[in-house]
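Participant: Structure in structure tokens, see below.
The values are calculated or read from the model by the stated rules, or taken from the named source; none is laboratory data. Nothing here was measured: the structure is a model prediction, and the numbers come from that model. Here the Cβ is made from the backbone with ideal geometry for all residues, glycine too, and neighbour counts use every protein chain on show.
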Amino acid sequence: MLNKIKLIVKKKNRKKIVSLTAYSKNIAKILDKYCDIILVGDSLGNVLYGMDNTHQTTLSNMIQHGLSVRKGVKKSLLVVDMPKNTYNSTHDAVKNAKLILKNTKCDAVKIESNYKNSNIIRSLVKAKIPVMGHTGYTPQFKSRFKVAGKTIFERDKLIQDALKIEKAGAFSIVLECIIPSTAKKITDALKIPTIGIGSSLYCDGQILVTDDILGLSGFYPKFVKKYVNLNTAIEKAVKKYSKEIIGKKFPKKQNYLYGK
Ligand code: KIV
């Protein structure tokens, strides 16, 4: 069964969809056992490259990391983010999405909507490119964080946007930082699955940035749950390594490739 159809079936059967981000093969290989969707997010701009936001993430960044992640993904649906300014027109969107698909062999691309990109999604779908939508707080179009869907006006605007994204042919949609009651209304209104990040349990699935749940990124807003503190574990290992080298405890004879 096509992964995309499996997602719709999960929504119908009220089974939750599991999703995380990956930027490299080794991490992707682990996630692949437990995730329905693996996203190569443009968040790699800030998380990996130390940029202030996602605005400077490039198409070649996405292709490079998409290629690496592809090598670790066998069963999950692999989605690659289209970075800012790569889908300003339908022509650019189709050209750049085809480049991503051809070079990474991913299953789909994701684009942020900012209330105006359903026509872009429609053109991509027409060109047989599977698309995941993204509404609510859309980092590529914002310079300041804001929770979405608080007022009746905003709620209705978001519902309309989500419906337009669905009508344009997206197979799923990310809801980012939307208040619970609005996230619920959107999830109930759509046939396609909603994948929430900071948008409550009223979504058909959840996504988080893997570096955040592993305690690597240093970014822990309220909606993130840190499942392990890898920063501490890595520091402990590196400290021991350094100590053993300085104390001439490593390498030992069993680490020698030849001789004594
Ligand atoms: O870039 C990203 O990582 C995302 C999120 C939905 C996690 O878009």
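Participant: V40 - would you say it is within 18 Å of L175 (Cα to Cα) and either within 16 Å of the ligand (Cβ to nearest atom) or at pLDDT 95 or above (or both)?
Facilitator: Numbers: within 18 Å of L175 (Cα to Cα): yes; either within 16 Å of the ligand (Cβ to nearest atom) or at pLDDT 95 or above (or both): yes.
Yes.
Participant: Moving on to the next point. Scanning segment 187-227 for residues that are among the aromatic types (F, W, Y) and away from the ligand (no atom under 14 Å from the Cβ), which turns out modelled with the lowest pLDDT? Write out each step before concluding.
Facilitator: First pass over segment 187-227, keeping only residues among the aromatic types (F, W, Y): 202, 219-220, 223, 227.
Narrowing further to those that are away from the ligand (no atom under 14 Å from the Cβ): 202, 220, 227.
Values: Y202: 98, Y220: 90, Y227: 98.
Filtering segment 187-227 for residues that are among the aromatic types (F, W, Y) and away from the ligand (no atom under 14 Å from the Cβ), the one modelled with the lowest pLDDT comes out as Y220.
Participant: Being more than 16 Å from S118 (Cα to Cα), surrounded by fewer than 14 Cβ atoms within 10 Å (Cβ to Cβ) and not aromatic (F, W, Y): is that true of K142 here? Explain how you work it out, then say what you get.
Facilitator: Values: more than 16 Å from S118 (Cα to Cα): yes; surrounded by fewer than 14 Cβ atoms within 10 Å (Cβ to Cβ): no; not aromatic (F, W, Y): yes.
When the stated conditions are applied, K142 does not pass them.
Participant: Taking the conditions exactly as written (surrounded by fewer than 23 Cβ atoms within 10 Å (Cβ to Cβ), farther than 22 Å from G45 by Cβ, away from the ligand (no atom under 16 Å from the Cβ) and within 17 Å of the chain's Cα centre (by Cα)), does K75 satisfy them or not? First the steps, then the outcome.
Facilitator: On the way: surrounded by fewer than 23 Cβ atoms within 10 Å (Cβ to Cβ): yes; farther than 22 Å from G45 by Cβ: yes; away from the ligand (no atom under 16 Å from the Cβ): yes; within 17 Å of the chain's Cα centre (by Cα): yes.
When the stated conditions are applied, K75 passes them.
Participant: Would you pick out the residues in segment 46-103 that are more than 19 Å from T138 (Cα to Cα) and acidic (D, E)?
Facilitator: D92
Participant: Select from segment 84-115 the residues that are at pLDDT below 95 and either under 19 Å from I38 (Cα atoms) or surrounded by fewer than 17 Cβ atoms within 10 Å (Cβ to Cβ) (or both) and list them in ascending order.
Facilitator: Pass one, segment 84-115, residues at pLDDT below 95: 113-115.
Correct list: N114, Y115.
Participant: Another one. Looking at (1) touching a residue at least 24 places away in the same chain (Cβ under 8 Å); (2) surrounded by 22 or more Cβ atoms within 10 Å (Cβ to Cβ), find the lone condition where N3 falls short.
Facilitator: Failing condition for N3: (2).
Participant: Sticking with this one: Looking only at helices (runs of 4 or more DSSP H) that fall completely inside segment 145-224, which ones have 1 or more residues that are surrounded by fewer than 16 Cβ atoms within 10 Å (Cβ to Cβ) and without any contact (Cβ under 8 Å) to a residue 40 or more places away in the chain?
Facilitator: Numbers: elements: 152-168, 180-189, 210-213.
Result: 152-168, 180-189.
Participant: Another question about this same structure. Identify, from the list K126, K110, K116, K146, the residue that is among the basic types (K, R) and touching a strand residue (DSSP E or B) at 6+ places or on another chain (Cβ under 8 Å).
Facilitator: Details: K126 fails: touching a strand residue (DSSP E or B) at 6+ places or on another chain (Cβ under 8 Å); K116 fails: touching a strand residue (DSSP E or B) at 6+ places or on another chain (Cβ under 8 Å); K146 fails: touching a strand residue (DSSP E or B) at 6+ places or on another chain (Cβ under 8 Å).
Among K126, K110, K116, K146, only K110 is among the basic types (K, R) and touching a strand residue (DSSP E or B) at 6+ places or on another chain (Cβ under 8 Å).
Participant: Now, a different point. Tell me, which residue of segment 25-48 that is crowded, with 16+ Cβ neighbours inside 10 Å and polar (S, T, N, Q) is nearest to the chain's Cα centre (by Cα)?
Facilitator: Pass one, segment 25-48, residues crowded, with 16+ Cβ neighbours inside 10 Å: 27-28, 31-32, 35-47.
If we keep only those that are polar (S, T, N, Q) too, we end up with 43, 46.
Numbers: S43: 8, N46: 13 Å.
Step by step, filter segment 25-48, then rank; the result is S43.
Participant: Out of the residues in segment 81-103 meeting the condition of being touching a residue at least 40 places away in the same chain (Cβ under 8 Å) and more than 15 Å from the ligand (Cβ to nearest atom), tell me which one is farthest from K146 (Cα to Cα).
Facilitator: The extreme case among them is N103.
Participant: Here's something else I'd like to know. Given the conditions (1) in a loop (DSSP other than H, G, I, E, B); (2) out of contact with any Leu (no Cβ under 9 Å at 6 or more places or on another chain); (3) in contact (Cβ under 8 Å) with a residue 12 or more places away in the chain, report the number of the one that Q140 does not fulfil.
Facilitator: (1)
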